[in-house]
Every structure is written in C-alpha cells, then in structure tokens.
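Report on the structure given below.
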Amino acid sequence: MEEDAASTTAKKTKPDGIDGQGHPKIGSPAGGQSFDSIDRLPDEVLGSIISLLPTKAGARIQILSRRWRPLWRAAPLNLDAGCDLTCQDRKQILFVSKILSDHPGPARRFALPGIRLRDRYARIDGWLRSRALTGLREIDFHYEIENPQLPYPLPPSALRFAPTLCVADFGNCDFPREVAPLLKFPCLKQLSLRSVFVLEDVLHSLLCGCPVLESLLLDGNFGCGCLRINSPTLRSIGISLFCLRERGENPILLQVLIIEDAPCLERLLPLYPDEGPATIRVKMIALSLTTLMRTVKVVALDTWGPNLDSVVDLLKCFPCLQKLYIMSHLQNGRKNKWSYNPLDPIECLESHLRQVVVMKYWGMRPDVDLAKFFVLNAKVLKKMVFGCISSCNDKWMANQRRRLQLNNRASQGARFKFKRSAYSTFACNSHTHDLWKDDPFDSHFCR
Amino acid sequence: MSESELAVIKPEALKAYIWLQCFDGSIQQVDEEVAIFCPMICREIVKNGTGSSKNHAITLPQRVNPASLSLILDYCRFHQVTGRSNKERKSFDEKFVRIETERLCELTSAADSLQLKPLVDLTSRALARIIEGKTPEEIRDIFHLPDDLTEEEKLEPLKNINDDPRIRLLNRLYAKKRKELQERHERQKLKDVQVQKEQKDERSLDELLCFINGDGGSGGGKATKSKKKNKRRKDHAKNPPKADSEPANAEGAACVVPCKVDSSNVSRLPCQNPDIQDDVEYPFEDADLDDGLDPAMKEELDREVEDFARRLNSVWNDSHIGGNGSVQRFPGFNHR
C-alpha cells in the first residue's frame, strides 16, 4: 500500500494504490497526482463545499460513496425551503421538519422564501428553536400573505441567531415590539426588510445594533415615517416605497430619510427628490443630507416631471458623483429651465460625472430639457445613454440629436447612445447588496 | 570596487526573497511580499526565522505540490497589490478557477494546508458549482469516487428528501410486502405448531442467510439501524394482500422480499428474528400515495420489485446448494 493510504479514509472497496480499472495510480506517492484528490481534502473543507450546495444537492452527496455518507450531517446545513426543494405547501412543512430533525447542526443558512402562516406559528417557532439551526449565518424569512387583514408576527426565536447572522432578509412579517432588546447583530453585513411592519423606534434600535452593516435594503416597509442613518460602515442604501402588502388604512410609509452620518456611503438608490403636491403618485421621500456625501459615486433616482430643479439640488449633495441613473416619469406641463451659473458651479458636473443614464426617455420637451442640461454642462462626461420607450428610428434619433444640441456638448469626448429599453423600474436587490460591483446597474444597461 | 558600483548592485540585493521547498525537494525563490500573503508561510518566517536563504528554505506541507504552489503564488502576487478595485479582483478570481477539476482539487488542498482562507473559499465555491446540478453518477465520474455503497444504503437518505416518487413508492411497496410476509409468517407459525419441521427449516434459512450475508454486510449497518425510527404503519395496506390475487410470480416475490429484508437485518445483526417491526420511515402521510402515479407507473414499480426479488433469488440459490428439494419446503416459493 502506498504511504498516502493513511491519509485517506479506510473501508474503500479497492486498495488505495489501484484505480477504478485496476491500474496502479500514476504520479509521485506523496502529494502528487491521484485519482481521488477531492477525497483527500479534509472533512472541514468538504463540509464547506457541501454547505454551499442547494439543499437537495447537498443531501444527495450522502449516496456518493462511503466517505461522503456522513459528511452531510457534518457540514453546516443549508436549508432552503424554496421551490428547488418543493413547491407544495404541505411538503414544504414536512421536508423542513424532517431535515431539521435529522441534522445535528450547526447551520449556515436557512431560507423560508414564502411560508403560509395559518395555524403553524408554533411549528415555525419550533423550527427556529431547533438545534439544527445553531450558529446560523444567513436567514431569509418571508411569510406568504394570504389575508392582509391578519397580523403576521415574526417569531422572536428568529432573532436568537442575532449573534451570528451575517446576512438577514425579512419580509411580509411584523416585528413585534418586544424583540427590541434582541436586536444586536454584531456580525450583520447585509440587511433587507421587505414589506415589513416595524415601528420607528424598533427600526432605529435595529440599525444601532448593527455595527458592521454594509448594505441596507428597505423595500415597501411601513410603521416608520422618518429614518435617521448613522453608520460608520454603511456603503449602500436601497429604498423603495412601493408596498405590495396591503395594510389597512393609512399605513405609515417612509417619508423622510435623514443621513446624519455615513462616511462610507457609496450608493443611494433610488431616490425620490421631488416634493410638492402629489396628484398621481402615492408617497414621496424628502431627502435631507446634512453633510455633503463625498464618497457617493453612484446615485439612482426617480423623478416626476421630470423635475430638473430637484435633480440639481441632489447633485449638489454629491460632489464626487460619477454615475447617475435617472428614471424619468413624464408629466404634462412640466417646464424645465435651469440655467447653470458658472460662478456657482456644481462640483460633480465640473470634475466627476462620467456617465448619465436616462431611463424611460420619451424624447418630449420635458425630458429633452433635462437631458440637455447634462449635455451642455457635464464637462467630463464620457457616456450618456438614453433608454428609449418608443422605437428609435433614424429620423427620430436625428431629431433628438438636434434638439439635445449634441454638437454643443460640454465634453468633447462624450458619446451618446440611444437604446431601446423596456426597463421601467429599478429593482433594488442586487443593486444594493452587490458591493463588489463598481456600477450596480452595469449588466442591465450599459454595455 | 568603488562605492558607485556597489550602489548600482544594491537595489537588487535589497529586495527580499523567501525560499520555499516542496515535499518533492524542489526549491522555489519568491518575493517576500508575495510569500507573506500566505498565513502559514508568514508564521514560519516570523516565528522560526526560516526561509531567508536557500539552505534554510521553508518546508511546505505535503499537500502542496509544485503546480499548486505556482498557482497559489500567482494568486498571492495579484491580490497583495493594494490598488486594485473589487471588480478587478473578482474578475481575476473568476478566471483563476477555470482550471481542470483535478487541478482545482489539488489547489484547494494546497491552499487549505497553507491556511490561505480566501483562496480556499474561492476554490470551494468553484467545486460546489461543479457538483451542483449533477447526478450522483456524474459526480462520481468527475471526481473518481468509488461507488461503494449498497443499494439499500443509497436509498436510505433519499427517504428524507425524495424528489423521486418512484423511490418513495418502491419503499412503500417493500414495506407493504414485508408486512404481508410478516403476517404470513405469523399465520404460518400458528400452523407450524403441528409442523415442527418447517420451523426448523425457517431457522436454517436464517442460518443460511447469515452464512451468505454475515461478513459481507454493510459496515454501517448498526449505525443506520439505530438511526431509523421504528414507526408503525398507521393503517394496513390499502390493497388487500396481493398474495391472493396476484399470479405466482408476485407471490414468489412476496415471499422472497422479506428474505432480502431479513438478510439485510441479518447482516447488521446476524441471525435476528425475522419478526421485525416495520421500521421503514414514512416521512409522508399515506395520502401521498395518491401522488398522481398512474397504474402504468405502479406496474413498472411492481416489476422493479420483482426484478429485485429475482436477483436476490438467484443469489440465494447460487450460494445455497440445497437444490429443489429444500426449496420446495417453503410454500409459495416457486420459481416462475
């Protein structure tokens, strides 16, 4: 037997020096080529590989070979009760109960992307208390709302993982008041709250309890009208107001976002800088920035009108802005005329703004005026992209070029692209959390 | 000679190098800043002072072969540069793991022994992507894993997460037939009060099965047995015992299947009493039987069960040379 037989597990059906066909193994005896090099990895490494697999694939490794049989139980559990596991409600319950009773723990990730509460609160609570989920690093907990009039309380046991969680995604649930003391997340880097009912003080406690938070997504929550951000580590904030979950009369939606202190903030998406009477749309956020956000490089915003004034006000807050994405919602009767005062320059237009993307561009007066502002004033612009709703035939494009005064552009090196695009809304998710991307909308739009 | 000449030589000489020695004896010279990116190497330098010359090269762990070392140094060389953007690093990483699976495994092993966690994470993810979405056969093929589990061992975990209704139904059929046979045996035993001989024969069957399966049985048997929960079936078989209505084939199958079960139990705990409890796990309520499986599928499954039984039959017959005489002492145990 070769020396490295000792490093592989016992009880193989074939002697270690022989491969499947009965030929002796090629290569040097120690650390060289061998046919089963994945088997030579220590259990811990195999465990982390298995832990990355989807639930079913992970469990199936038990039948690969004798060596692999005990490894599923030894690997940190990844339990995702989504459609990959099963699409049937009843089976979802059964599978989750089964797996949680089989696995001794610890767990890496637990995802319930849509579970029907009904009369199962105690059972769900039991799951969250189970030993199998000890040490949980990632949680994804969403109810499926069947009756909007009923409460959907988050079991407090979901928060017992607070000391170890790195990624948390809660949705369609209500944060009960009594969980406030539990909201200490020393490891949490990524937090998403979607259609969650959470009171203002509870939300603030939550954010205070996240000393290393890097990205925050707030999508259609209610119960908190005003949010202050104080975070030395936060790099990205994504906000959406559209609340898909009906919630009785007059739910309190987020209306004021105050960024008091966020020295690392790089991304703010999307924003609603418009104020004023709303006849069509539902709710707006007034953005209040008490300090200039020098670190922010990418901003996405929605504007109704479009409203050039509020966009420009925003630009003043981000002196180092490099990329701007504007979702423009056309309204009748909007006149945009903003004359740029060279004595009071806007820093980002002078030195930093390289890319502007106007989504939902109709080519009508109001958005021509908006776009023209950038054409004529962004001095280091490299690229401007128009996502056109209507079909952009050559004649239309030639007309646009004329109206936008592209020949008079402030940045000689700028290129202008008209693209057919049906992209009519920002989808916050990966844009908020994929921090490694310099440009969160890169793959979607700007090729 | 002169100071100016020395001054020219100096910048080169000042650059620090580390010497690393692989298990096969080959020595490699590496920039210090690259080498210290590996925690294990860094520790060797700091604690033991090795690596600063060719004669005192740091001996790398056995799992680091020269090819992997070369890749690891490329990785370190790229990532230890501070100015790079996240996107650049991610792009590099994606390309870096596009290597042959064999290489990837060796690289993971080497990175793990050098405690270079970011690289271990990267390669682990790559390996997970390879495994994901593949059937067990494909995985065994790619990684040259030995297929050394018995059929029953393979079915066991799938009882937990069954995506294959066929397997579930197969399990149920096995259990049903075992139950039928249990009942049969009990009925038989009542009759056997008079016919002592047949009881003796039963016992000898056990012994024979012991003989067949004694050593060759699964090593993990005891463990699996203890894991199994002994659940009694809540209801009896929905269909009346098939033995009566089915042709001789199935009857034979019905008789033989429990032998298989017995033998498997026997292999774990040799010569156990065949009066086993129904210890098959039923993770699903029986309502699941109405899983939309059409009669054709059920038939196919019956055939599979029979096939299985037949295979077992032939094994039994081959090793037990009793011949037709002894075989016929079992009622219903007729070959097709």
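The values are calculated or read from the model by the stated rules, or taken from the named source; none is laboratory data. Worth saying up front: this structure is predicted, and the values here are computed from it rather than measured. As a convention, Cβ positions derive from the backbone with ideal geometry for all residues, glycine included, and neighbour counts pool all protein chains shown.
The test for being more than 9 Å from every other protein chain (Cβ to nearest Cβ), in a helix (DSSP H, G or I), farther than 30 Å from A:ARG60 by Cβ and out of contact with any Cys (no Cβ under 7 Å at 6 or more places or on another chain) does not hold for B:LEU119.
Rundown of residues vs (1) surrounded by fewer than 21 Cβ atoms within 10 Å (Cβ to Cβ); (2) under 24 Å from A:GLY82 (Cβ atoms), yes/no style:
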{"site": "A:LEU136", "(1), (2)": "no, yes"}
{"site": "A:ILE139", "(1), (2)": "no, yes"}
{"site": "A:ASP169", "(1), (2)": "yes, yes"}
{"site": "A:GLU178", "(1), (2)": "yes, no"}
{"site": "A:LEU182", "(1), (2)": "yes, no"}
{"site": "A:PRO186", "(1), (2)": "yes, no"}
{"site": "A:LYS189", "(1), (2)": "yes, yes"}
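For the criterion of being more than 14 Å from chain B (Cβ to nearest Cβ), crowded, with 21+ Cβ neighbours inside 10 Å, of a type outside the set (A, V, I, L, M, F, W, C) and farther than 26 Å from A:GLY47 by Cβ, A:TYR121 fails.
Tally the residues that are among the charged types (D, E, K, R), within 7 Å of chain B (Cβ to nearest Cβ) and under 15 Å from A:ILE139 (Cα atoms), restricting the search to the stretch A:50-109. Here the count works out to 0.
Of the residues making up the stretch A:79-99, at least one is part of a strand (DSSP E or B) and touching a residue at least 12 places away in the same chain (Cβ under 8 Å). The listed residues are B:GLU44, B:GLU94, and the only one of them that is of a type in the set (D, E, K, R) and away from every other protein chain (no Cβ under 12 Å) turns out to be B:GLU44.
So that you can scan it fast, the table gives a plain yes or no per residue for (1) surrounded by 15 or more Cβ atoms within 10 Å (Cβ to Cβ); (2) of a type in the set (A, V, I, L, M); (3) not assigned by the TED database to the domain that holds B:VAL120:
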{"site": "B:ASP31", "(1), (2), (3)": "yes, no, no"}
{"site": "B:VAL34", "(1), (2), (3)": "yes, yes, no"}
{"site": "B:ILE41", "(1), (2), (3)": "yes, yes, no"}
{"site": "B:VAL64", "(1), (2), (3)": "yes, yes, no"}
{"site": "B:SER68", "(1), (2), (3)": "yes, no, no"}
{"site": "B:VAL81", "(1), (2), (3)": "no, yes, no"}
{"site": "B:ASN86", "(1), (2), (3)": "no, no, no"}
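Restricting attention to the stretch B:122-145, the residues that are closer than 13 Å to A:GLN62 by Cα and assigned to a loop (DSSP other than H, G, I, E, B) add up to 2. Residue selection: B:THR135 satisfies the criterion of being modelled with pLDDT under 95, more than 26 Å from B:SER26 (Cβ to Cβ), surrounded by fewer than 15 Cβ atoms within 10 Å (Cβ to Cβ) and within 12 Å of chain A (Cβ to nearest Cβ).
Answer yes or no as to whether A:VAL311 is outside any strand (DSSP E or B), assigned by TED's automatic domain parsing to the domain that holds A:CYS388 and at pLDDT 75 or above. Yes, satisfied. Looking at the stretch A:213-281, the strands (runs of 3 or more DSSP E) lying wholly inside it that each contain 2 or more residues that are under 30 Å from A:GLU144 (Cβ atoms) and at pLDDT below 70 sit at A:267-271. Taken together, the residues in the stretch A:358-384 that are assigned to a strand (DSSP E or B) and modelled with pLDDT of 90 or more amount to 2. For first residues located in the stretch A:142-153 and assigned to a loop (DSSP other than H, G, I, E, B), partners that are aliphatic (A, V, I, L, M) and surrounded by 11 or more Cβ atoms within 10 Å (Cβ to Cβ) and lie 6+ apart or on another chain with Cβ distances below 6 Å form the pairs A:TYR152/A:LEU117.
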